[in-house]
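Scroll down for the structure; my scribbles are underneath it.
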Amino acid sequence: MIRSLVLVGLLFMATNSGIMQAADPPYRIQLDTITKGYDGMPYDGKMCYTQARAGIVPRSDRDPLIVVTMSPMLLTGSDSYFAIHEMRSGDLGKTWSGPFKHTDTLGRRPGGKFNGNPVEVCVSDYWPKWHAKSGKLLGTGQSLRYANNKGPINGSSRDTTFSVYDAEKNTWSPWEALVFKEGKLQYSSGAGCTQRVDLPNGEILLPVYYRTEGNKIAESKILRCGFDGKKLTVLEEGPALKLEVKRGLTEPSLAHFKGKFFLTLRNDDAAYVAVSDDGVKFGDIKKWTWDDGTDLGSYNTQAHWVTHSDALYLVYTRRGANNDHIFRHRAPLFIAEVDVAKLQVKKATEQILIPEKGARFGNFGVCNVSENETWIVETEWMQRPPQEPIIPVVNKWGAEGRVYAARIIWQKPNKAWDKH
């Protein structure tokens, strides 16, 4: 059953919550709950869904098939993921089927040993996206290595991974590792939680981040890739984007708007943005700020883009929203328009996409479902800071392990819609 809350023309008054008054946006937000808990059952306090993202499969003369992938996570660990699950809808989210487990193709695999203990490798941080040129739903992500279920092995290698969806059989191909020539990307690279851009000729601009062995500082770059409907191959590596601060630059996400390419990047202390003419070579990074020059307050988590033909939007979390009780201030989830000339966020346009109910957000995806709707799919991550690691089944905030679809319904059709 879908629980739907329609938020029409919300105005947020300036209060001590830190949420400013916003003008009427050129869209309305419809907030749906796709599922909640684990395996469709009420939240049990042991597992929750994370990393939920939607992709579509266009169909002639009817609504597209919407495919939502989700990673079950063990709450007693840190980023301890298991085989990807899937929900499906053929009627624009009115009804859903699933969850379906893809244990054989998107599940854990044996990966040798570490300190004498068996290692399992799991695909994670997955993002499905329709590739129009090949007519395939292509998922990208990264692999993580586990010697126990406390979390990924510290400093271990990772692969950039991909898998292809068979819409007739509703199955995914076994995940594969992207092959690199000798160089920095061979040891530990991933397209984990990264938003890609597909070019009209079918080439893919895939953001990745990587570390060399023994190095804690990550760098980011764009890979120009070819995709023939089955295999993803690297055609070109862009220059590295670097920041020698704590863990460097991670989880880069890319957007194309009015002839320019925009890249948002995660750092422990702040979020950054860069711009490019070709989507491969970028200028200097710039810290995200409001249009008054003050810090946006987004840090140590990912941000992604919503692109409309008339405007470019950033989706993010931030400090200063009466949310000090939330891990890394990762709720509520916000959206605001970007000043593309100044690379700043327009404060007066900020809206809440998904309200805070005690659980963190920050691991989400964006999908253009049609020229009239863009969806942001997000989960309630049922862990809090270390002093209270698991949110109880019954809690004072109202979190229930939900998987949300925040549906942006545009007033004007999105002429830039590319069925992606």
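The values are calculated or read from the model by the stated rules, or taken from the named source; none is laboratory data. Note that the coordinates shown come from a computational prediction; the quantities given were computed from them, not determined experimentally. Cβ placement follows ideal geometry from the backbone for every residue including glycine, while neighbour counts extend to all protein chains displayed.
Screening Lys221 against (1) part of a loop (DSSP other than H, G, I, E, B); (2) of a type in the set (Lys, Arg); (3) within 18 Å of the chain's Cα centre (by Cα) leaves a single unmet condition, (1). Of the listed requirements (1) out of contact with any Phe, Trp or Tyr (no Cβ under 8 Å at 6 or more places or on another chain); (2) at pLDDT below 95, Pro385 misses just one: (1).
State which residue is nearest to the chain's Cα centre (by Cα) when the search covers only segment 321-338 and only residues that are surrounded by 15 or more Cβ atoms within 10 Å (Cβ to Cβ) and more than 19 Å from Ile390 (Cα to Cα). Step by step, filter segment 321-338, then rank; the result is Leu333.
Restricting attention to segment 236-257, the residues that are farther than 15 Å from Asp198 by Cα and touching a strand residue (DSSP E or B) at 6+ places or on another chain (Cβ under 8 Å) total 13. For segment 326-343, the criterion of being out of contact with any Phe, Trp or Tyr (no Cβ under 9 Å at 6 or more places or on another chain) and farther than 18 Å from Leu263 by Cβ is met by none of the residues. Scanning segment 346-400 for residues that are within 30 Å of Arg59 (Cβ to Cβ) and of a type in the set (Asp, Glu) gives Glu371, Glu373, Glu378. Checked against the criterion of being among the small types (Gly, Ala, Ser) and either surrounded by 14 or more Cβ atoms within 10 Å (Cβ to Cβ) or within 20 Å of the chain's Cα centre (by Cα) (or both), the candidates Gly151, Gly112, Gly116, Gly183 yield just one match: Gly151. Entry remark, segment 346-378: residues being out of contact with any strand residue (DSSP E or B) (no Cβ under 7 Å at 6 or more places or on another chain), within 10 Å of Ala331 (Cα to Cα) and surrounded by fewer than 23 Cβ atoms within 10 Å (Cβ to Cβ) number 3 in total. One residue stands out among those in segment 18-50 that are of a type in the set (A, V, I, L, M) and under 23 Å from the mean Cα position of the chain (by Cα): the one that is modelled with the lowest pLDDT, which is Met47.
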